[in-house]
1. Given the conditions (1) open to solvent by 20 Å² or more (accessible area, probe 1.4 Å); (2) under 19 Å from the mean Cα position of the chain (by Cα), report the number of the one that residue 70 does not fulfil.
2. Of all the helices (runs of 4 or more DSSP H) wholly in segment 16-117, which have at least 3 residues that are of a type in the set (Val, Ile, Thr) and over 23 Å from residue 171 (Cβ atoms)?
3. Please enumerate the residues belonging to segment 118-149 that are within 10 Å of residue 175 (Cα to Cα), open to solvent by 20 Å² or more (accessible area, probe 1.4 Å) and either hydrophobic (A, V, I, L, M, F, W, C) or not in a loop (DSSP other than H, G, I, E, B) (or both).
4. May I ask you to list the residues in segment 64-96 that are closer than 29 Å to residue 107 by Cβ and at pLDDT below 90?
Amino acid sequence: MIKATLGKRLDAALRFAFPFLFRHPVNPNLLSAVGALVSVSAGIAFACGELVAGALLIGFGGVFDLTDGIIAREHGLATPFGAFLDSALDRVADLAILLGIMLYFAGRGETATVALAGVALGASVMTSYVKARAENFVSSLRGGLFERAERLIILAFGALSGLLVPALWLVAVLGTLTVVQRFVIAYRELSPLDNDQPPLAAVPGAAGADLGEPRP
């Protein structure tokens, strides 16, 4: 939602803040990989109880996450594989950060908070998964109250302020609501296609494909 709201103003702000990244073509896939490594480092910091370091690393990794796409578009380096890689590495980063938080609370014996972080993790993964699956059938599934940027900002703020548990509640609750919202949007977008689509068994990637069921 932040990216959709700020749009080109965010691009301009990043160009102003990090002009050296835009002077010469930089491989956006490399930026995506570095950003993922930084985010994994954030997860490790959380697991070790270094909450402030984890929060700062989330912010640092977010810079790479925001700039890779802008640079790819500006220098004509955008590719389908680059988009796939960026999305896949974002999921790795999300998993690392929230697993690190779960390990931190597990070490403190706070079982309920570990479960809460697990719900937040599940909501984070499903928010992206629902969109990705729907876009097998429509070109784009737009909409979502609480997307990745919002999740990371709230987690970082919670870690810095000592309010990590309330931050997890926000991510879990608003993330779950976003999953439901995207299901509703997907239903609205996909339902008109029902009469025009072949049976699901004939659609590559549909109905059981993820379970390794044989296709005709």
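The values are calculated or read from the model by the stated rules, or taken from the named source; none is laboratory data. Quantities reported herein were computed from a predicted structural model and do not represent experimental measurements. Cβ coordinates were reconstructed from backbone atoms using ideal geometry, including for glycine residues, and neighbour counts include every protein chain displayed. These accessible areas exclude ligands, DNA and RNA; they are computed on the full protein's heavy atoms, side chains included. Shrake-Rupley method; radii C 1.70, N 1.55, O 1.52, S 1.80 Å.
1. Going through (1) open to solvent by 20 Å² or more (accessible area, probe 1.4 Å); (2) under 19 Å from the mean Cα position of the chain (by Cα) one by one, residue 70 breaks only (1).
2. In segment 16-117, 51-74 are the helices (runs of 4 or more DSSP H) which contain 3 or more residues that are of a type in the set (Val, Ile, Thr) and over 23 Å from residue 171 (Cβ atoms).
3. Correct list: 119, 121, 122, 125, 126, 145, 148.
4. The answer is 64, 65.
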